[in-house]
Amino acid sequence: MTSRLLAGASVFCAAVLLAGCAAKEEPVAEAAPPAPPPDLTRSDCYTVVLFDGFEIKDAPEGTLPEHAAFLGEWRFGAWDGKWCHDLLVTEILADGSVLMMDKHAPYEPWGQPATAFPRKGRIDKNGVLRFRHGTTQRAYQFDAATGRLKGLREDVNGSLVAELRRAGPPVPPKRDETEPATAAAPATAETAAAAQPTATAVSIAATTDAEG
């Protein structure tokens, strides 16, 4: 009798195990792919037309080439890929200050109107152009590898990033007229790369000497 009970129990347990194995497994939901990074420079960006025009002046003698690289018209920037932005760097003064025209398109989600304001900043010892207005802080650095201007903005919307493309050729630094001209050696890929400043990460908090 006991043997029959044990045998029946064994059959019952085996049936339970088989039923459990045969149970259909629930499909595991796949994680959604990460969102692509925003396009920080957009060809469809437009900002403000300056009817008075503007002039980009030569850098004064003795200006470092990496500082003179900021001169020019920088366009098609988009803060976090959303808010269109242009920057016209028109003049580098002998004291190291930088004059520019700061332009933005309207952007309704952030309550921003179309604007164009003159700004004054300074290039710090790390080669970063900095200025502030109100509670907003801005920093820009020329990236020799891409030829773009990388921007960082900190305001009520948080930390925003953008990349601007140069419109037109770069403005070369002015040569000292008192120095005799010498024939330049043919440029090679190695010498061209060595002549370019090394790009580093733009940081708002790197220095405190910004003005504007």
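What to note about this one:
- Only one entry of F76, F131 meets the criterion of being touching a Lys or Arg at 6+ places or on another chain (Cβ under 7 Å) and at positive phi, and that entry is F76.
- A count restricted to region 80-115 and to residues that are within 28 Å of P65 (Cα to Cα), touching a residue at least 40 places away in the same chain (Cβ under 8 Å) and open to solvent by 40 Å² or more (accessible area, probe 1.4 Å) stands at 1.
- Region 132-151, residues that are within 20 Å of L99 (Cβ to Cβ) and under 16 Å from the mean Cα position of the chain (by Cα): Q137, R138, A139, Y140, Q141, F142, L149, G151
- Filtered residues of region 56-109 (kept if more than 20 Å from L160 (Cβ to Cβ) and of a type in the set (K, R)): K57
- Counted residues, region 116-130 - those being open to solvent by 10 Å² or more (accessible area, probe 1.4 Å) and either in contact (Cβ under 8 Å) with a residue 40 or more places away in the chain or of a type in the set (A, V, I, L, M) (or both): 8
- When P33, P106, P113 are checked against the criterion of being at pLDDT below 95 and not hydrophobic (A, V, I, L, M, F, W, C), P33 stands alone in meeting it.
- Residue in region 62-69 that is open to solvent by 20 Å² or more (accessible area, probe 1.4 Å) and within 18 Å of D155 (Cα to Cα) present: no
- When region 131-151 is filtered for residues that are touching an Asp or Glu at 6+ places or on another chain (Cβ under 9 Å), open to solvent by less than 10 Å² (accessible area, probe 1.4 Å) and not charged (D, E, K, R), the ones remaining, listed by number, are F131, A139, L149, G151.
The values are calculated or read from the model by the stated rules, or taken from the named source; none is laboratory data. Please read all numbers here as calculations on a predicted model, not as lab measurements. Note that each Cβ is placed from the backbone with ideal geometry, even for glycine, and that neighbours are counted across all protein chains shown. Calculation scope for accessible area: heavy atoms of the full protein, side chains included, ligands and nucleic acids excluded. Shrake-Rupley method; radii C 1.70, N 1.55, O 1.52, S 1.80 Å.
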